[in-house]
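Dropping a structure here in C-alpha cells format, bear with me for questions.
The values are calculated or read from the model by the stated rules, or taken from the named source; none is laboratory data. These figures come from a predicted structure and were not determined experimentally. Because the Cβ atoms are built from the backbone with ideal geometry, glycine has one as well, and the counts that use them run over all protein chains shown.
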Amino acid sequence: MDRAQLASFLRTRREALQPEDVGLPRGRRRRTGGLRREEVAALSGMSTDYYSRLEQQRGPHPSEQMLAALARGLRLSLAERDHLFQLAGHAVPHRAVRADHVNPGMMRILDRLHDTPAQVVNHLGETLAQTAPAVALLGDETRHTGLASSVHYRWFTDPAARLLHPAADHATQSRLIAAHLHAAYSRDGRASRAAAIVDALLAASAEFAELWREHPVPGSYCPPKRFQHREVGSLELHCQVLVDPDQSQTLLVYTAVPGSESDEKLRLLSVIGAQRV
C-alpha cells in the first residue's frame, strides 16, 4: 500500500469532481472548486473521519469493498478504479468476473435523477446504485450479498422478494427473470457467476427448473409493472431503460402517467425518500 500516492490520488480526484457532477448544489459559501471530504464520504457510504484519514496518510488499509465504494463515490473510470486498487495494495479486479463498478457516465445521469425512482442494475440482476426514491419504492437492493445480491436469485428463493408485486403478476415476472438470467448464462458460459446462480436455483426452485427447461428468451427488459407498496398502496409504473453495452449495465427509470393516481403516489414516495436520506 502506497499511502502517499493513495492520498494524493484521492485528493486530486476529489478536487476535480464538481458538485454539479454528483447532483449537489454548489451553494454560495463554497470558496473553491471540487468536493469537500464530507461530501465524498457521504457519496461513498463511509464516515468523514475514515475518508479524511486516508487523505492524510494515516488511515487503515482499505478493503476491496471500501475501494469499490470510493470508486463509485469519486465517479472513477475503470482504468482509474484499477489504479486505485493498485495503490492500496490490492489485485486489480477481474473485469470479466466483477460487474460491480458503475460507469461514470451512468452515475452522472443517475445523479440528476435525485427526485425520480432510478437504479443501475448489471446483467446478473444485481443493483449497483439507487436514488433515494428508488429505495423508497423498492427497498435498499444494494444491501444484499452473495447469491442474494441478484434479484434473479431472490425472486425464486425468498418469498419476501415477491411482496411488492400483485400475486396475479408473479408468473409473468418469473418468466421474464428466468429469460434474462438465461441470456446472461448464454453470454458468460459455464465458468461464470451467472452459471453459479443458475446451478443454485436449479437445486432450490422447482419453478425455476421448469422455466429453465423451456429455454426462455427475453423480450422487453422492463415492461410496465404493477406494484403493491406497503405505504402508498398500488401503483402502475412504466420503466425507461438506458443500456451501457460496454459495462453490461442498465439504468432503469420508473415513471407514471402524468396526472394519474400513480403519479401522485410516486411524488409522495420521492418526498418519503428525501426525508429518509
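Mind listing just one residue for me: the one in the range 98-147 that is among the polar types (S, T, N, Q) and in contact with a strand residue (DSSP E or B) (Cβ under 7 Å, 6 or more places away or on another chain) and, of those, farthest from Leu269 (Cα to Cα)? So that I can check it myself, show each step before the final result.
Step one: list which residues in the range 98-147 are among the polar types (S, T, N, Q), which gives 103, 116, 119, 122, 127, 130-131, 142, 145.
Going one step further and asking which of them are in contact with a strand residue (DSSP E or B) (Cβ under 7 Å, 6 or more places away or on another chain), we end up with 103, 116, 119, 122, 127, 130-131, 142.
Numbers: Asn103: 27, Thr116: 9, Gln119: 15, Asn122: 24, Thr127: 19, Gln130: 14, Thr131: 11, Thr142: 19 Å.
Applying the filter and picking the extreme gives Asn103.
Now for a different question. Can you tell me which residues in the range 171-210 are of a type outside the set (Ser, Thr, Tyr), more than 23 Å from the chain's Cα centre (by Cα) and modelled with pLDDT of 90 or more?
Step one: of the range 171-210, the residues of a type outside the set (Ser, Thr, Tyr) are 171, 173, 175-184, 187-191, 193-204, 206-210.
Cutting the leftovers down to more than 23 Å from the chain's Cα centre (by Cα) gives us 171, 189-191, 199, 202-204, 206-210.
Scanning the range 171-210 gives Ala171, Asp199, Leu202, Ala203, Ala204, Ala206, Glu207, Phe208, Ala209, Glu210.
Is it fair to say Ala209 is without any contact (Cβ under 8 Å) to a residue 12 or more places away in the chain, small (Gly, Ala, Ser), in contact with a helix residue (DSSP H, G or I) (Cβ under 8 Å, 6 or more places away or on another chain) and in a helix (DSSP H, G or I)?
Values: without any contact (Cβ under 8 Å) to a residue 12 or more places away in the chain: yes; small (Gly, Ala, Ser): yes; in contact with a helix residue (DSSP H, G or I) (Cβ under 8 Å, 6 or more places away or on another chain): yes; in a helix (DSSP H, G or I): yes.
Yes.
Moving on to the next point. Kindly list, by first and then second residue, each pair from a residue in the range 47-58 that is basic (Lys, Arg) to a residue that is not in a helix (DSSP H, G or I), limited to pairs with Cβ atoms under 6 Å and residues at least 6 apart or on different chains.
These pairs meet every condition: Arg53/Gly59.
Can Ser47 be described as among the polar types (S, T, N, Q), exposed (fewer than 13 other Cβ atoms within 10 Å of the Cβ) and either touching a strand residue (DSSP E or B) at 6+ places or on another chain (Cβ under 6 Å) or at pLDDT 85 or above (or both)? Outline the logic, then answer.
On the way: among the polar types (S, T, N, Q): yes; exposed (fewer than 13 other Cβ atoms within 10 Å of the Cβ): yes; either touching a strand residue (DSSP E or B) at 6+ places or on another chain (Cβ under 6 Å) or at pLDDT 85 or above (or both): yes.
Yes: the conditions hold for Ser47.
So which residues in the range 129-150 are surrounded by 16 or more Cβ atoms within 10 Å (Cβ to Cβ), part of a helix (DSSP H, G or I) and out of contact with any helix residue (DSSP H, G or I) (no Cβ under 7 Å at 6 or more places or on another chain)?
Ala134, Leu138, Ser149
I've got another one for you. Among the residues in the range 180-188, are any without any contact (Cβ under 8 Å) to a residue 24 or more places away in the chain, surrounded by fewer than 14 Cβ atoms within 10 Å (Cβ to Cβ) and either assigned to a loop (DSSP other than H, G, I, E, B) or among the acidic types (Asp, Glu) (or both)?
no
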